[in-house]
Amino acid sequence: MSVEHLSTAGIRSVTEEEIAHYREKGWAKLPGFFSPETVADLLRRAKSKMGEQAPLTVRRDDADQLEPNEYNWYARWDGCSHEDPRIRDVGQSRALATAASRLMGDQVRFYFDHFFVKVPQAAEGTETPWHQDLPHHPLDRQGVLTIWVPLVECPPEKGSLRFLSGSHRAGLLGRYLNRRDEVQLVDEHPWILDEYEMSPPLHLYPGDATVHNLAITHYAPPNTTDTPRWVYSTQWLPVRTRYTGAPNHRTEGLGLKVDQPLDHPRFPVIETDHR
(Lines give C-alpha, C1' and ligand atoms only; values in the text may rest on other atoms or scores of the structure.)
Protein backbone atom coordinates (compact mmCIF):
# COMPACT_ATOMS: atom_id res chain seq x y z
CA MET A 1 0.00 0.00 0.00
CA SER A 2 1.43 3.36 -0.97
CA VAL A 3 1.03 6.06 1.68
CA GLU A 4 0.97 9.67 0.50
CA HIS A 5 2.01 12.88 2.24
CA LEU A 6 1.09 13.82 5.82
CA SER A 7 -0.71 17.16 6.15
CA THR A 8 -0.01 19.88 8.69
CA ALA A 9 -3.12 18.60 10.55
CA GLY A 10 -1.33 15.26 11.00
CA ILE A 11 -3.60 13.40 8.57
CA ARG A 12 -2.31 11.40 5.62
CA SER A 13 -4.06 11.21 2.27
CA VAL A 14 -6.01 8.08 1.32
CA THR A 15 -4.77 5.67 -1.32
CA GLU A 16 -6.49 4.48 -4.48
CA GLU A 17 -6.63 0.96 -2.97
CA GLU A 18 -8.46 2.28 0.10
CA ILE A 19 -10.92 4.25 -2.04
CA ALA A 20 -11.68 1.18 -4.17
CA HIS A 21 -12.21 -1.01 -1.08
CA TYR A 22 -14.53 1.55 0.48
CA ARG A 23 -16.66 1.95 -2.63
CA GLU A 24 -16.99 -1.81 -3.14
CA LYS A 25 -17.46 -2.94 0.47
CA GLY A 26 -18.98 0.16 2.09
CA TRP A 27 -16.12 0.30 4.61
CA ALA A 28 -12.31 0.39 4.66
CA LYS A 29 -9.42 0.33 7.11
CA LEU A 30 -6.98 3.26 6.95
CA PRO A 31 -3.78 2.32 8.82
CA GLY A 32 -1.80 5.19 10.34
CA PHE A 33 -4.34 7.77 9.18
CA PHE A 34 -3.69 10.26 12.02
CA SER A 35 -0.17 11.01 13.23
CA PRO A 36 0.85 9.97 16.77
CA GLU A 37 1.13 13.65 17.72
CA THR A 38 -2.43 14.41 16.55
CA VAL A 39 -3.79 11.35 18.36
CA ALA A 40 -2.05 12.26 21.61
CA ASP A 41 -3.34 15.83 21.48
CA LEU A 42 -6.94 14.78 20.77
CA LEU A 43 -6.88 12.20 23.56
CA ARG A 44 -5.47 14.70 26.02
CA ARG A 45 -8.18 17.23 25.18
CA ALA A 46 -10.94 14.65 25.41
CA LYS A 47 -9.81 13.34 28.78
CA SER A 48 -9.31 16.84 30.14
CA LYS A 49 -12.92 17.67 29.25
CA MET A 50 -14.69 14.39 30.03
CA GLY A 51 -12.57 12.87 32.79
CA GLU A 52 -10.12 10.00 32.46
CA GLN A 53 -11.10 7.12 34.74
CA ALA A 54 -14.90 7.38 34.52
CA PRO A 55 -15.60 9.74 31.60
CA LEU A 56 -18.90 11.62 31.50
CA THR A 57 -20.95 13.08 28.66
CA VAL A 58 -20.60 16.78 27.82
CA ARG A 59 -24.03 18.40 27.98
CA ARG A 60 -25.33 19.59 24.62
CA ASP A 61 -26.96 22.70 26.09
CA ASP A 62 -23.94 23.70 28.20
CA ALA A 63 -20.53 22.45 27.12
CA ASP A 64 -19.07 23.43 30.51
CA GLN A 65 -21.23 20.84 32.28
CA LEU A 66 -20.92 17.03 32.40
CA GLU A 67 -23.63 14.43 32.97
CA PRO A 68 -23.99 10.63 32.87
CA ASN A 69 -25.23 9.46 29.49
CA GLU A 70 -28.84 8.26 29.53
CA TYR A 71 -27.85 4.91 28.01
CA ASN A 72 -24.99 4.30 30.53
CA TRP A 73 -22.79 2.25 28.20
CA TYR A 74 -21.03 5.15 26.57
CA ALA A 75 -20.03 8.78 27.14
CA ARG A 76 -19.69 11.36 24.40
CA TRP A 77 -18.72 14.92 23.56
CA ASP A 78 -20.77 15.98 20.55
CA GLY A 79 -19.71 18.92 18.40
CA CYS A 80 -16.31 19.14 20.06
CA SER A 81 -14.71 20.99 17.13
CA HIS A 82 -17.14 23.86 17.68
CA GLU A 83 -15.84 24.21 21.25
CA ASP A 84 -12.08 23.74 20.84
CA PRO A 85 -10.12 25.49 18.05
CA ARG A 86 -7.38 22.84 18.03
CA ILE A 87 -9.92 20.06 17.53
CA ARG A 88 -11.45 22.15 14.75
CA ASP A 89 -8.02 22.41 13.09
CA VAL A 90 -8.13 18.60 12.77
CA GLY A 91 -11.81 17.70 12.44
CA GLN A 92 -12.70 20.45 9.98
CA SER A 93 -9.34 20.51 8.21
CA ARG A 94 -8.81 20.63 4.48
CA ALA A 95 -6.83 17.37 4.75
CA LEU A 96 -9.68 15.46 6.40
CA ALA A 97 -12.28 16.96 4.06
CA THR A 98 -10.12 15.96 1.09
CA ALA A 99 -9.91 12.36 2.33
CA ALA A 100 -13.69 12.24 2.81
CA SER A 101 -14.26 13.78 -0.62
CA ARG A 102 -11.97 11.31 -2.39
CA LEU A 103 -13.59 8.35 -0.63
CA MET A 104 -17.09 9.59 -1.42
CA GLY A 105 -16.38 10.84 -4.94
CA ASP A 106 -18.15 14.14 -4.28
CA GLN A 107 -17.57 17.49 -2.66
CA VAL A 108 -18.38 17.36 1.05
CA ARG A 109 -20.04 19.26 3.83
CA PHE A 110 -18.87 18.74 7.42
CA TYR A 111 -21.78 17.28 9.43
CA PHE A 112 -20.51 16.69 12.96
CA ASP A 113 -17.78 15.25 15.13
CA HIS A 114 -17.61 13.74 18.58
CA PHE A 115 -15.52 11.85 21.04
CA PHE A 116 -17.22 8.54 21.77
CA VAL A 117 -16.13 6.51 24.78
CA LYS A 118 -17.31 2.91 25.14
CA VAL A 119 -17.07 1.87 28.77
CA PRO A 120 -15.93 -1.60 29.84
CA GLN A 121 -18.49 -4.36 30.22
CA ALA A 122 -17.74 -4.48 33.96
CA ALA A 123 -18.99 -0.86 34.18
CA GLU A 124 -22.36 -1.66 32.49
CA GLY A 125 -20.93 -1.57 28.98
CA THR A 126 -22.75 -3.63 26.36
CA GLU A 127 -22.45 -4.57 22.73
CA THR A 128 -23.60 -2.07 20.11
CA PRO A 129 -26.32 -4.01 18.23
CA TRP A 130 -26.48 -4.42 14.47
CA HIS A 131 -27.79 -1.18 12.99
CA GLN A 132 -27.51 1.35 10.22
CA ASP A 133 -26.65 4.94 11.14
CA LEU A 134 -28.51 6.72 8.34
CA PRO A 135 -32.12 6.08 9.47
CA HIS A 136 -31.34 8.07 12.62
CA HIS A 137 -30.47 11.27 10.73
CA PRO A 138 -32.60 13.94 8.96
CA LEU A 139 -30.87 13.51 5.62
CA ASP A 140 -32.47 12.88 2.24
CA ARG A 141 -29.86 10.68 0.55
CA GLN A 142 -27.22 8.02 0.89
CA GLY A 143 -23.50 8.62 0.52
CA VAL A 144 -22.86 10.06 3.99
CA LEU A 145 -19.74 8.59 5.61
CA THR A 146 -18.11 8.30 9.02
CA ILE A 147 -14.35 8.40 9.67
CA TRP A 148 -13.77 6.58 13.00
CA VAL A 149 -10.35 6.96 14.65
CA PRO A 150 -9.42 5.10 17.86
CA LEU A 151 -7.19 7.14 20.13
CA VAL A 152 -6.09 4.07 22.11
CA GLU A 153 -5.17 0.57 21.00
CA CYS A 154 -8.40 -1.12 19.99
CA PRO A 155 -8.23 -4.91 19.63
CA PRO A 156 -11.47 -6.78 18.88
CA GLU A 157 -12.14 -7.34 22.59
CA LYS A 158 -12.19 -3.57 23.13
CA GLY A 159 -15.09 -3.20 20.68
CA SER A 160 -13.69 -2.47 17.20
CA LEU A 161 -16.42 -2.29 14.56
CA ARG A 162 -17.63 -5.22 12.43
CA PHE A 163 -19.36 -4.58 9.09
CA LEU A 164 -21.56 -6.59 6.74
CA SER A 165 -19.59 -5.88 3.57
CA GLY A 166 -21.74 -4.50 0.76
CA SER A 167 -24.86 -4.15 2.90
CA HIS A 168 -24.99 -0.41 2.23
CA ARG A 169 -26.71 -1.44 -1.01
CA ALA A 170 -29.53 -3.26 0.82
CA GLY A 171 -31.62 -0.11 1.31
CA LEU A 172 -32.71 1.43 4.58
CA LEU A 173 -33.91 -1.23 7.03
CA GLY A 174 -35.22 0.83 9.96
CA ARG A 175 -34.19 2.47 13.23
CA TYR A 176 -32.67 0.04 15.74
CA LEU A 177 -30.13 1.96 17.81
CA ASN A 178 -31.09 2.52 21.47
CA ARG A 179 -34.52 0.94 20.98
CA ARG A 180 -36.58 0.81 24.16
CA ASP A 181 -38.38 -2.39 23.09
CA GLU A 182 -35.08 -4.30 22.52
CA VAL A 183 -36.08 -5.28 18.97
CA GLN A 184 -32.90 -5.56 16.90
CA LEU A 185 -32.26 -5.25 13.18
CA VAL A 186 -31.41 -8.94 12.83
CA ASP A 187 -34.70 -9.89 14.54
CA GLU A 188 -36.69 -8.32 11.71
CA HIS A 189 -34.11 -8.84 8.93
CA PRO A 190 -32.37 -12.15 9.76
CA TRP A 191 -31.56 -12.71 6.08
CA ILE A 192 -28.94 -9.96 6.13
CA LEU A 193 -26.43 -12.11 8.05
CA ASP A 194 -26.61 -14.73 5.30
CA GLU A 195 -26.67 -12.28 2.40
CA TYR A 196 -23.53 -10.32 3.31
CA GLU A 197 -20.09 -11.37 4.55
CA MET A 198 -18.99 -10.07 7.94
CA SER A 199 -15.72 -8.16 8.02
CA PRO A 200 -12.87 -9.76 9.98
CA PRO A 201 -12.14 -8.73 13.58
CA LEU A 202 -9.98 -5.61 13.41
CA HIS A 203 -7.06 -4.83 15.70
CA LEU A 204 -6.61 -1.09 15.41
CA TYR A 205 -3.79 1.01 16.80
CA PRO A 206 -3.99 4.67 17.84
CA GLY A 207 -4.35 6.75 14.68
CA ASP A 208 -5.60 3.91 12.49
CA ALA A 209 -9.09 4.56 11.18
CA THR A 210 -12.08 2.86 9.68
CA VAL A 211 -14.40 4.64 7.30
CA HIS A 212 -17.94 3.44 6.67
CA ASN A 213 -21.02 4.41 4.69
CA LEU A 214 -23.89 5.42 7.00
CA ALA A 215 -26.14 2.88 5.27
CA ILE A 216 -23.93 -0.13 6.03
CA THR A 217 -25.13 -2.57 8.70
CA HIS A 218 -22.54 -2.82 11.48
CA TYR A 219 -22.09 -3.56 15.16
CA ALA A 220 -19.47 -3.58 17.89
CA PRO A 221 -18.97 -6.26 20.55
CA PRO A 222 -18.82 -5.23 24.20
CA ASN A 223 -15.61 -3.80 25.57
CA THR A 224 -14.39 -6.72 27.69
CA THR A 225 -11.13 -5.01 28.68
CA ASP A 226 -10.76 -3.00 31.87
CA THR A 227 -10.22 0.40 30.23
CA PRO A 228 -12.48 2.64 28.09
CA ARG A 229 -12.38 2.68 24.28
CA TRP A 230 -11.69 6.30 23.22
CA VAL A 231 -12.63 7.21 19.63
CA TYR A 232 -12.74 10.46 17.67
CA SER A 233 -15.27 10.37 14.82
CA THR A 234 -16.35 12.76 12.06
CA GLN A 235 -19.24 12.54 9.60
CA TRP A 236 -19.36 14.03 6.13
CA LEU A 237 -22.28 14.75 3.78
CA PRO A 238 -22.41 14.88 0.00
CA VAL A 239 -22.56 18.62 -0.55
CA ARG A 240 -26.04 18.53 -2.13
CA THR A 241 -27.62 16.64 0.79
CA ARG A 242 -30.93 18.17 1.90
CA TYR A 243 -32.61 18.41 5.29
CA THR A 244 -35.77 16.32 5.81
CA GLY A 245 -36.97 17.92 9.04
CA ALA A 246 -36.88 14.66 11.02
CA PRO A 247 -35.98 15.17 14.70
CA ASN A 248 -32.29 15.12 15.55
CA HIS A 249 -30.44 16.99 18.27
CA ARG A 250 -27.69 18.03 15.82
CA THR A 251 -30.08 20.02 13.64
CA GLU A 252 -32.86 21.19 15.95
CA GLY A 253 -33.19 24.91 16.66
CA LEU A 254 -30.89 25.99 13.82
CA GLY A 255 -33.56 27.33 11.47
CA LEU A 256 -32.84 24.80 8.73
CA LYS A 257 -35.44 24.62 5.97
CA VAL A 258 -36.95 21.32 4.88
CA ASP A 259 -35.81 20.17 1.42
CA GLN A 260 -32.96 22.68 1.43
CA PRO A 261 -29.22 22.10 1.94
CA LEU A 262 -27.88 22.29 5.48
CA ASP A 263 -26.58 25.85 5.05
CA HIS A 264 -25.49 26.81 8.56
CA PRO A 265 -22.13 27.63 10.20
CA ARG A 266 -22.22 24.30 12.07
CA PHE A 267 -22.17 22.45 8.72
CA PRO A 268 -19.52 24.19 6.61
CA VAL A 269 -18.63 23.23 3.06
CA ILE A 270 -14.86 22.81 3.34
CA GLU A 271 -12.52 23.47 0.43
CA THR A 272 -10.64 20.34 -0.63
CA ASP A 273 -7.85 19.31 -2.97
CA HIS A 274 -10.19 16.86 -4.73
CA ARG A 275 -11.76 17.89 -8.02
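Tyr232 - would you say it is open to solvent by 10 Å² or more (accessible area, probe 1.4 Å), assigned to a strand (DSSP E or B) and either more than 19 Å from Gly79 (Cα to Cα) or not hydrophobic (A, V, I, L, M, F, W, C) (or both)? No: the conditions fail for Tyr232. Filter region 187-211 down to residues that are under 24 Å from Pro120 (Cα atoms) and outside any loop (DSSP other than H, G, I, E, B), then give me how many there are. Going through region 187-211 one residue at a time, the tally reaches 5. Selection over region 60-90 of residues that are surrounded by fewer than 21 Cβ atoms within 10 Å (Cβ to Cβ), out of contact with any Ser or Thr (no Cβ under 9 Å at 6 or more places or on another chain), closer than 22 Å to Gly253 by Cα and at pLDDT 95 or above gives a count of 5. In region 73-140, counting only strands (runs of 3 or more DSSP E) that sit wholly within it, the ones holding 3 or more residues that are over 25 Å from Asp187 (Cβ atoms) span 74-78, 108-118.
Selection of region 91-118 for residues being farther than 21 Å from Pro261 by Cα, open to solvent by 10 Å² or more (accessible area, probe 1.4 Å) and either free of Cβ contacts under 8 Å to residues at least 60 places away in the same chain or in contact with a Phe, Trp or Tyr (Cβ under 9 Å, 6 or more places away or on another chain) (or both) yields His114, Phe116. For region 13-42, the set of residues classified as open to solvent by 30 Å² or more (accessible area, probe 1.4 Å), under 24 Å from Val152 (Cβ atoms) and touching a strand residue (DSSP E or B) at 6+ places or on another chain (Cβ under 6 Å) consists of Lys29 only. Selection within region 1-25: residues that are more than 17 Å from Ser101 (Cβ to Cβ) and not in a helix (DSSP H, G or I). The member of this set that is modelled with the lowest pLDDT is Met1. Just to be sure before I move on: is Pro156 more than 26 Å from Arg240 (Cα to Cα) and surrounded by 23 or more Cβ atoms within 10 Å (Cβ to Cβ) in the structure I sent? Answer is no for this residue.
Across region 249-271, the number of residues qualifying as at pLDDT below 95 and in contact with a helix residue (DSSP H, G or I) (Cβ under 8 Å, 6 or more places away or on another chain) comes to 1. Only residues that are surrounded by fewer than 16 Cβ atoms within 10 Å (Cβ to Cβ) and touching a helix residue (DSSP H, G or I) at 6+ places or on another chain (Cβ under 8 Å) were counted across region 159-176, and they come to 3.
The values are calculated or read from the model by the stated rules, or taken from the named source; none is laboratory data. Predicted model only: the values in this text are computed from it and were never measured. Cβ: placed from backbone, ideal geometry, glycine included. Neighbour counts: every protein chain shown. Heavy atoms of the whole protein, side chains included, go into the accessibility calculation; ligands, DNA and RNA do not. Shrake-Rupley method; radii C 1.70, N 1.55, O 1.52, S 1.80 Å.
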